[in-house]
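Here the structure comes first, spelled out in structure tokens, and everything after it is commentary.
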Amino acid sequence: MKKKQLILSLIKDDLINSKLVYGLIGLGLTTDNYFLYLGQTIFKLMGFEDNKKTELVFEQYIELSKKAGAIDIMESHKPLDGLALEIYEELLKQQKCTH
């Protein structure tokens, strides 16, 4: 698997998990222990440095990920592909700005 495909797959997995966790939060459940922290893995794979600029990019990543809440995945997870690609491309753009 190429690096880009791996990162896109991880982003999509993170979107699926986030959608579940935010849904549970919406039901009033405590979900602190159910986040997978895939975002940190994605950022490491993409070569982001651990600094204040990266923290701001990570906050943007989280905000973009929240769009998954409006995407219906009952039939298939395929509808998340576009959002995963949008997030990946935004991270690439931000990566150039943080180096």
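Selection of the range 23-52 for residues being exposed (fewer than 13 other Cβ atoms within 10 Å of the Cβ) and among the small types (Gly, Ala, Ser) yields GLY23, GLY26, GLY28, GLY47.
Being of a type outside the set (Lys, Arg) and under 16 Å from LEU80 (Cα atoms) narrows it down to one residue among LEU15, LEU56, LEU29; which is it? One residue alone meets the criteria, LEU15. Condition (residue is modelled with pLDDT under 90 and in contact with a helix residue (DSSP H, G or I) (Cβ under 8 Å, 6 or more places away or on another chain)) applied to the range 56-67: is it met by at least one residue? No - not one qualifying residue is present in the range 56-67.
Within the range 45-76, being free of Cβ contacts under 8 Å to residues at least 24 places away in the same chain and closer than 17 Å to ILE25 by Cα holds for ILE62, GLU63, LYS67, ALA70.
When the range 75-99 is filtered for residues that are modelled with pLDDT under 90 and either within 13 Å of GLY39 (Cβ to Cβ) or exposed (fewer than 14 other Cβ atoms within 10 Å of the Cβ) (or both), the ones remaining, listed by number, are LYS96, CYS97, HIS99.
Residue pairs whose Cβ atoms lie under 9 Å apart, separated by 6 or more positions or on different chains, with the first residue in the range 1-22 and buried (at least 18 other Cβ atoms within 10 Å of the Cβ) and the second charged (D, E, K, R), are LEU8/ASP81; LYS12/ASP81; LEU15/LYS67; SER18/LYS66.
The values are calculated or read from the model by the stated rules, or taken from the named source; none is laboratory data. In this text the structure is predicted, and so the values were computed from the model without any measurement. A quick note on method: Cβ atoms are made from the backbone with ideal geometry, for glycine too, and the neighbour counts reach across all protein chains shown.
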